[in-house]
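First comes the structure, then the notes that go with it.
The values are calculated or read from the model by the stated rules, or taken from the named source; none is laboratory data. Here the structure is a predicted model, which means the values were calculated and not measured. So basically every Cβ, Gly included, is an ideal-geometry build from the backbone, and we count neighbours across all protein chains shown. For accessibility, only protein heavy atoms count, side chains too; no ligands or nucleic acids. Shrake-Rupley method; radii C 1.70, N 1.55, O 1.52, S 1.80 Å.
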Amino acid sequence: MTTSQKGQARANQGKELSARAEVVRQTRREPRKDYNLRVLRTMKDRHVTRNGDPEPVVDPSQDYMLMLGYENATHTVLRFRRKLDTCDPSHDIAITNDTMRLLYMYHAQDPPHGSVRLGTLPDPAHAFRPYRPMVLMQRAQLPIPSPTHDERVRVLELRNEDVELPAGDLPLFWCKMFKLEDINRKHHLIRYEPIYDSSSSVHYLQHITLHECQGAHAELEEMAREQGRPCLGARSIPLACNAIVASWSRGSEGFTYPHEAGYPIESRQAKYYLMETHYNNLKPDFAQLHARQMADNSGLKIYFTHVLRPNDAGILSIGMDPNWRHIIPPGQKRVVSEGQCIEDCTGYAFPQQGINIFAVMMRTHQIGKEVKLRQIRQTEELPPIAHDSNIDVAYQDFRRLPQSVHSMPGDRLIAECIYDSSSRKAITL
């Protein structure tokens, strides 16, 4: 488990009192002129009962407000809103900063006009679709100027080269070194995002971490000439590559820095960058559809500019990498594990004025359920920097904090993870 955080800048975010959503369904039929009226009649606030009929039941309290509904030749669009907490705990879930799972269903046929009786909706077994995890309280990313319209922004693609994807559910960690020699003055990295080589890549990519390597060792030059190599754990990564530039996880669309900060890159300071990619097919049945071995060329796209921002940013990782000493016993509903950056650690690594933490990624593996980043100053524990009690392995993204959190040299930072191993019969490393 690794919890990463970015410092040296501030980001501001307002607090909403209600949530809005827009549902878009692709269709292939002619639009109907009476559709707006039809939506007004049939949109209902419903819920699914626990261990009951899978068909959603109409709520006694109608807490969703339709704002807009229309249909064209290709799409059906509904825009609605509701309070973050409807005070209806029996039928609604409060929208919080935790990871939420959005379940949705759709069908080619419309339900009868205004009907609320059970059995009038399409068969749920054919209408339900997979859920999508996301943080509803997270605001949209800041826009980045297009390089075609802003010559101050440059784009660089860092791609793997014909990596043979693993068979079945076997994991693969792959490292590829890049040599960047043409960044001859300081720039700021302002955004990065994943590059999917194909639709097949989406099923395999789990994590991509870009490391910055110091110095010009012969090993780094040798790796830069290679196609890449398997790697696993800190021992297989050169010691010179101990700084993290970018960290992407499954479900993320990338990360954009706030306008006042960027990650510094310059060839004279560091010209070697190691990209570590974790492949793991969470849907083994998908691999069976492709008999031949698949090769992958996915990676990261980075945006950087010579127009420097007021602050340099960096990434601090707190937690524990998988190793034989980090053991989760089987058959346990709640196992607490901690990784700490102690007082001596922050006292040595932080500048005298401290750092400002403006985003946090909370990452665990399959059986992780909850992550909390705690902050202790002398004898007082401050409010948690970040906390998610509903972690989803399929969605682990950087969260922008509502307000930046200041951390001083001498603070103790603790990444606390809670695991549920009740389904396991053997230990988990």
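Computed values, structure above
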quantity: Net length gained if the chain between K179 and A94 were fully extended (0.36 nm per residue, minus Cα distance); calculated: 25.8 nm
quantity: Trypsin sites (Lys or Arg not before Pro) restricted to DSSP loop in the range 322-363 with at most 11 other C-beta within 10 Å; calculated: R325, K333, R334
quantity: Compactness of the range 147-312 as Cα Rg over 2.2 N^0.38 Å, two decimals; calculated: 1.08
quantity: Residue list for the range 405-429, given a label point 7 angstrom along the Cα-to-Cβ vector of K333 and an amide N cut-off under 17 Å; calculated: 418-424
quantity: W174 - accessible surface, heavy atoms, 1.4 Å probe, Å² rounded to 10; calculated: 40 Å²
quantity: Zone residues, the range 163-197, relative to E222, backbone N less than 19 Å from point 7 Å out along Cα-to-Cβ; calculated: 174-179
quantity: Unsatisfied cross-links (Cα-Cα over 23 Å) in the set K333/K372; K83/K372; K301/K372; K333/K425; K369/K425; K179/K301; calculated: K83/K372; K301/K372
quantity: The range 147-312 - percent of accessible surface contributed by carbon and sulfur, probe 1.4 Å; calculated: 49 percent
quantity: Accessible area per residue, Å², the range 312-416 with all protein chains present, probe 1.4 Å; calculated: 49 Å²
quantity: Rg in Å to one decimal, and Dmax rounded to a whole Å, for the range 332-421 via C-alpha atoms; calculated: 13.8, 43
quantity: Residue order for E222, E370 - accessible surface, 1.4 angstrom probe, largest first; calculated: E222, E370
quantity: Trypsin sites (Lys or Arg not before Pro) lying in DSSP loop within the range 218-270, provided at most 15 other Cβ fall within 10 Å; calculated: R225, R268
quantity: Where D296, D344 fall by accessible area, highest first, once all protein chains stay in place (1.4 Å); calculated: D344, D296
quantity: Carbon plus sulfur fraction of accessible area for the range 346-409, probe 1.4 Å, in percent; calculated: 48 percent
